[in-house]
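Quick notes on the structure that follows.
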Amino acid sequence: MGELDFTGKTVLVVGGSSGIGNGVAHGFRERGAETYVWGTRPDAAAYDGIEGSDLTGLHYAKVDVAQRDEIEAHVPPFKRLDVLVLCQGTVVYKRGEFQREGWDHVMAVNLDSLMTCAMKFREMLAEARGSIIIVSSVSGFQANLGNPAYAASKAGAVSLTKTLGQAWAREGVRVNGLAPGLVDTKLTKVTTEHPDRLRGALSRIPAGRMGEPADMAGAALFLASPLASYVIGQTLIVDGGLSL
């Protein structure tokens, strides 16, 4: 258990206000980390009553990562950073990603902001000999019906994980990623709220169930811990066997 003790460590989870990111943030908080999260709403109170969102014990800041200038202008309230989890993500349904506006928005959030955030905290992470975890998706390894920007951005995230892993390892920054499968969050309501779609999806998952944010937290904790000290540039697929 000692390797998974983050007492005295500082963690930032971008996209940690809800869903997978929120589960990951609480995973680190429960193991002693001082945990900060970014979201898009004005303040923490704006998430009260939102399903999949619990900001208890977390430090919240509003940063809209779709706006590069907003990322760069943000002044973090910490001077040390040990773990940066990049869990921001969005999707546009009803074939909206085939249009320029939908494509540009999804790419800005799901891919462009990853590099902007990583560069912003590079020096701080190097000083702490810390790590970055980029959350992509199994969609980064296969086609995604109706969502070209989502699939392309997630494939880009997987490739960025490899490239930054190679580039920054000698600086003491380990970069890895995790690729969730079907996880019960607001982004997957298009499947989870339709019984026939859900039944079909579950039939393709060998584990027989959807993933939970806590499942993703376990993988993130491992990748950020000394247990993974020789793991660099890898994306761990956490999908219950869906992609098999």
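Structure above, values below:
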{"item": "Most mobile listed residue (V75, V158, V37) in the chain, GNM with C-alpha springs under 10 Å", "result": "V75"}
{"item": "Cα centre as origin, Lys/Arg/Asp/Glu Cβ charges: the stretch 37-136 dipole, Debye", "result": "220 debye"}
{"item": "Mean ellipticity per residue at 222 nm, deg cm²/dmol - from DSSP H runs of n ≥ 4 across the chain, formula -39500 (n - 2.57)", "result": "-11000 deg cm²/dmol"}
{"item": "The stretch 2-235 - charge dipole about Cα centre, Lys and Arg +1 at Cβ, Asp and Glu -1, debye rounded to 20", "result": "540 debye"}
{"item": "Pairs of lysines in the stretch 2-235 (C-alpha under 21 Å apart; 8 or more residues apart or interchain)", "result": "14"}
{"item": "Contact order relative to length of the chain, as percent, for alpha carbon pairs under 8 angstrom and 6 or more apart", "result": "20 percent"}
{"item": "Label-point gap, in nm, between D54 and K186 - each point 7 angstrom along Cα→Cβ", "result": "1.7 nm"}
{"item": "9 Å beta-carbon shell around G240, net charge (K/R +1, D/E -1)", "result": "-1"}
{"item": "Local electrostatic count, M124, Cβ distance below 15 Å [Lys/Arg +1, Asp/Glu -1]", "result": "+1"}
{"item": "If the convex hull is drawn through the Cα atoms of the stretch 41-81, its volume per residue in Å³", "result": "103 Å³"}
{"item": "Inter-label distance for E101 and A169, nm, one decimal - labels placed 7 Å from Cα along Cα-to-Cβ", "result": "4.4 nm"}
{"item": "Most fluctuating residue given options P180, P42, P148, as computed from a GNM of the chain linking Cα atoms under 10 Å", "result": "P42"}
{"item": "Per residue, the convex hull volume that the Cα atoms of the chain enclose (Å³)", "result": "123 Å³"}
{"item": "Isotropically averaged projected area of the stretch 103-155, using the convex hull of Cα atoms (one quarter of hull area), nm²", "result": "3.9 nm²"}
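A short reminder: the numbers here are calculations on the coordinates, not readings from a lab. Only a predicted model underlies this, so the values are computations on that prediction, with no experimental measurement involved. Counting neighbours? That spans all protein chains shown, and the Cβs are built from the backbone with ideal geometry, glycine included.
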